[in-house]
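No value in this document is a laboratory result; all are computed from the given coordinates. Not measured: the values here are computed from a predicted model. Here the Cβ positions follow ideal geometry from the backbone for every residue, glycine too, while neighbour counts run over all protein chains shown.
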Amino acid sequence: MPLYEHVYLARQDLSTQQVEELTAKLSGVIAEGGGKITKTEYWGMKSLNYRIRKNRKAHMTLLNVDAPPAALNEIERQERLNEDVLRYLTIRVEAHEDGPSAMMRKSDRDDRGERGDRGDRGRGERRPRRDEAEDDAGPAAVAAVEE
């Protein structure tokens, strides 16, 4: 059977227990269709980059699915009908990842610096303006740069 990764976003005003019940319902639909869920990850409530149906946040859940396409079509149909589901995305993959997904790996997120990589400048530092460079280096150095 083909392998899929299925992620859905649920409304922010649902409780975690309601999201887990929705996940259990979707898992039951997959089981009825002859497939199985190999892994379920609840990513928590995350902020969205833009509002979706007046929601600024959403509960996010990942399902690794091993099921026939008909079972996936059925859960997508049920998610379209369910008002609690804001968005969903299903991707066919060659193999499922072992261990936690990229969203759950804390070590990958800690490797970046604060607010992205700024090179040798730290937080709050800025590049000198052109007229400030003239004061520090003298007019001869600035004239050489302008030529």
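Label ASP13 and ALA95 with points 7 Å out from Cα along Cα→Cβ: what is the distance between them in nm?
My value for the distance between the label points is 4.5 nm.
Sort ILE52, ILE30 so the one with the fewest other Cβ atoms within 10 Å of its own Cβ comes first.
Going from least to most buried by this count: ILE52, ILE30.
Which value, in debye to the nearest 20, gives the size of the charge dipole of region 3-97 about its Cα centre, when Lys and Arg are +1 and Asp and Glu are -1 at the Cβ?
Dipole size: approximately 560 debye.
Relative contact order (percent) for region 28-88, with alpha-carbon contacts under 8 angstrom and 6 or more residues of separation?
Averaging sequence separation for qualifying contacts and normalising by length gives 38 percent for region 28-88.
Based on alpha-carbon positions alone, could you give the equivalent ellipsoid semi-axes of region 3-97 from the gyration tensor, as √(5λ), descending, whole Å?
That gives 22, 14, 12 Å for the three semi-axes.
Check the straight Cα-Cα distances from LYS106 and name the lysines below 21 Å, setting aside those fewer than 8 residues away within the same chain.
The reachable lysines, counting only those whose Cα sits under 21 Å from LYS106, are LYS39, LYS46, LYS57.
For ALA31 and MET103 in one chain, what is 0.36 nm times their gap in residues minus the Cα-Cα distance, to one decimal in nm?
That pair, ALA31 and MET103, stretches by 23.3 nm at full extension.
Along the charge dipole of region 3-97, which of ILE30, HIS96, VAL7 sits closest to the positive end, that is, farthest toward it, with unit charges on the beta carbon of Lys, Arg, Asp and Glu (+1, +1, -1, -1)?
Toward the positive end, the furthest listed residue is VAL7.
Which order do the peptides 66-72, 98-104 come out in when sorted by mean C-beta neighbours inside 10 angstrom, highest first?
66-72, 98-104
Filter the GluC sites (Glu not before Pro) in region 1-85 to those in DSSP coil with at most 14 other Cβ atoms within 10 Å of their Cβ, and list the result.
Counting only loop positions with at most 14 other Cβ atoms within 10 Å, the GluC sites (Glu not before Pro) in region 1-85 are GLU83.
Multiplying the sequence separation of ASN49 and ALA70 by 0.36 nm and subtracting their Cα-Cα distance, what value in nm do you get?
Fully extending the segment from ASN49 to ALA70 adds 4.4 nm.
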